[in-house]
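> The structure follows.
The values are calculated or read from the model by the stated rules, or taken from the named source; none is laboratory data. Bear in mind that the values here come from a model prediction, so they are computed numbers and not experimental data. Glycine also receives a Cβ, built like all others from the backbone with ideal geometry; neighbour counts cover every protein chain displayed.
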Amino acid sequence: MANIIGGITTSHIPAIANAMANGLEETPYWKPFFDGYPPVRDWLNEKKPDVIILFYNDHGLEFFIDKKPTFAIGVADEYHNADEGWGIPTIPPVTGESDLSWHIANSLVEDGFDMTICQEMKVDHGLTVPLNLMWPGYNYGHVKVIPVCINCEQHPMPQPKRTYALGQAIGRAVASFDQDLKVAVFGTGGMSHQLDGERAGIINREFDIDCLDKLVSDPEALTKYSNLDLVEIAGAQGVELNMLIAMRGTLIGEVKELHRNYHAPISNTGSGLMLLEHTMPKK
Amino acid sequence: MTQTVDIPGTIMLDGPMATKGYPLNKMCYSFNNAAARNEFKQDEEAYYEKFKLTEEQRDAMRKRDVIAMLEAGGSIYYLAKFAGLLGLSVQDVGGLQTGMTTEEFKAFLVKQGEI
């Protein structure tokens, strides 16, 4: 059976891509952020997951609002990055895992989640920045990635209770896959931030840290928030917390926090890096 | 039913706003393509016409008024591509919206990150 060995939360902002492309990791601004990553990289290199299920939101590369899926899953064997319009480097292809992707897609639809299923899907910084953070130098080609994309742009968006339930359904789907695969799950984005309006620039450090605490020990509490609550408390793009909540949903067994690094600000956001080890429930 | 509530300084991209903003967002989405960015730079007015922007949207674009673009239904995801085309960072855009200089806006961010 496939086995979820852990979950990771990480920022995915494009400024990280530029910082890495320009070798700024050791500068005073960036160092407190990048210093959080080596323990997580070490864990990944030691545990060697075969597959990464990666929750992110597309920021207008693959999906425009002409047709905006609420939830989308990639089922391809390869994904490509492309010009996003503002000058971050376009990076090498990402390897996919179509068998497990299709298994999850079948299981989700059976379970009441009517996914948009994508055989071609350009992946933007929401997916590529976390991969390059974990395997710098674009050395992520060996790991197979299953993209799961959540609408965080246009209301109505899926509510936290729904994204958590989606995560749980993916957790069950993985547990029912009959190949021995090690799977890690990334929840990317956030945390508190607002890019638009006169309220741009708000960061809520206290709320972010409370969210990280609850992601470990009381994720159900986060499902009580509505997206409007999140906008009010954590900014218009604070709704990206949904990706972290979805990740936590997949961890249907026992969870142990191994590492955390919260730092703010990075660009306009609070950044929450966390590594959760996961033990699957006994059958 | 609409999800919109009044959060001061926040313009929610809900259904009616997404409908209103569609031409503007579609134009900015096109900026993923380098040829489109060049076409825009060569003749902005012709590019507004190509995407049938409303007069309100054209006016906001001409003035480089980010708040007016949001009020005209702009999504920050696509407006960010326009900002990139102009060579502006998200901190520059933050400053433009809040009446701060970029340095003041950066300092505002840093202050909130302090323990």
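> Restricted to the stretch B:99-115, and to residues that are surrounded by fewer than 19 Cβ atoms within 10 Å (Cβ to Cβ) and assigned to a helix (DSSP H, G or I), which residue is farthest from the other protein chains (Cβ to nearest Cβ)?
Residue satisfying both the conditions and the ranking: B:GLU103.
> Quick check on my filter: what residues within the stretch A:219-267 are under 26 Å from B:VAL110 (Cβ atoms), buried (at least 24 other Cβ atoms within 10 Å of the Cβ) and either of a type in the set (Lys, Arg) or touching a Ser or Thr at 6+ places or on another chain (Cβ under 7 Å) (or both)?
Passing the criteria: A:ALA234, A:GLY235, A:ALA236, A:GLY238, A:MET243, A:LEU244, A:ALA264.
> Go through the stretch A:13-34 residue by residue and tally those that are assigned to a loop (DSSP other than H, G, I, E, B) and within 18 Å of A:GLY137 (Cβ to Cβ).
First, pick out the residues of the stretch A:13-34 that are assigned to a loop (DSSP other than H, G, I, E, B): A:13, A:22-30.
Checking which are within 18 Å of A:GLY137 (Cβ to Cβ) leaves us with A:22-26, A:30.
Residues in the stretch A:13-34 being assigned to a loop (DSSP other than H, G, I, E, B) and within 18 Å of A:GLY137 (Cβ to Cβ): 6 in total.
> Taking only pairs six or more apart or across chains, which ones have beta-carbon atoms under 7 Å, a first residue in the stretch A:31-58 that is of a type in the set (Val, Ile, Thr), and a second residue that is assigned to a helix (DSSP H, G or I)?
These pairs meet every condition: A:VAL40/A:MET134; A:VAL51/A:LEU100; A:ILE53/A:ILE170; A:ILE53/A:THR250.
> What number of residues in the stretch A:163-180 are out of contact with any helix residue (DSSP H, G or I) (no Cβ under 6 Å at 6 or more places or on another chain) and either more than 17 Å from A:THR250 (Cα to Cα) or surrounded by 19 or more Cβ atoms within 10 Å (Cβ to Cβ) (or both)?
6
> Scan B:THR54, B:THR101 and give me the residue that is in contact (Cβ under 8 Å) with a residue 24 or more places away in the chain and among the β-branched types (Val, Ile, Thr).
Result: B:THR54 is the single residue among B:THR54, B:THR101 that is in contact (Cβ under 8 Å) with a residue 24 or more places away in the chain and among the β-branched types (Val, Ile, Thr).
> List the pairs whose first member sits in the stretch A:132-144 and is under 15 Å from A:GLY23 (Cβ atoms), whose second member is of a type in the set (Gly, Ala, Ser), and whose Cβ atoms are under 9 Å apart, counting only residues at least 6 apart or on separate chains?
A:ASN132/A:ALA17; A:LEU133/A:SER11
To keep it simple, each residue is scored yes or no on (1) crowded, with 20+ Cβ neighbours inside 10 Å; (2) over 20 Å from A:ALA184 (Cβ atoms); (3) among the aliphatic types (A, V, I, L, M); (4) within 14 Å of another protein chain (Cβ to nearest Cβ).
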{"residue": "A:LYS48", "(1), (2), (3), (4)": "no, no, no, no"}
{"residue": "A:LEU54", "(1), (2), (3), (4)": "yes, no, yes, no"}
{"residue": "A:ASP58", "(1), (2), (3), (4)": "yes, yes, no, yes"}
{"residue": "A:GLY85", "(1), (2), (3), (4)": "yes, yes, no, yes"}
{"residue": "A:VAL129", "(1), (2), (3), (4)": "yes, no, yes, no"}
{"residue": "A:ASN139", "(1), (2), (3), (4)": "no, no, no, no"}
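> If you don't mind, there's one more thing I want to ask. Just name the residue that is surrounded by the fewest Cβ atoms within 10 Å (Cβ to Cβ) out of those in the stretch B:34-64 that are over 22 Å from A:GLU84 (Cα atoms) and of a type in the set (Asp, Glu).
It comes out as B:GLU55.
> Quick one: which of A:LYS182, A:LYS122, A:LYS161 is in contact (Cβ under 8 Å) with a residue 40 or more places away in the chain and within 14 Å of chain B (Cβ to nearest Cβ)?
Numbers: A:LYS182 fails: within 14 Å of chain B (Cβ to nearest Cβ); A:LYS161 fails: within 14 Å of chain B (Cβ to nearest Cβ).
Residue meeting the stated conditions: A:LYS122.
> So which of B:ALA35, B:ALA18 is more than 7 Å from chain A (Cβ to nearest Cβ), in a helix (DSSP H, G or I) and over 11 Å from the mean Cα position of the chain (by Cα)?
On inspection, the qualifying residue turns out to be B:ALA35.
> So which helices (runs of 4 or more DSSP H) stay within the stretch A:167-283 end to end and still have 3 or more residues that are within 29 Å of B:THR101 (Cβ to Cβ)?
Once the helices (runs of 4 or more DSSP H) in the stretch A:167-283 are filtered for at least 3 residues that are within 29 Å of B:THR101 (Cβ to Cβ), what remains is A:205-217, A:227-234.
> From the list A:HIS103, A:HIS142, exactly one residue is at pLDDT 95 or above and part of a loop (DSSP other than H, G, I, E, B). Which is it?
Answer to the check: A:HIS142.
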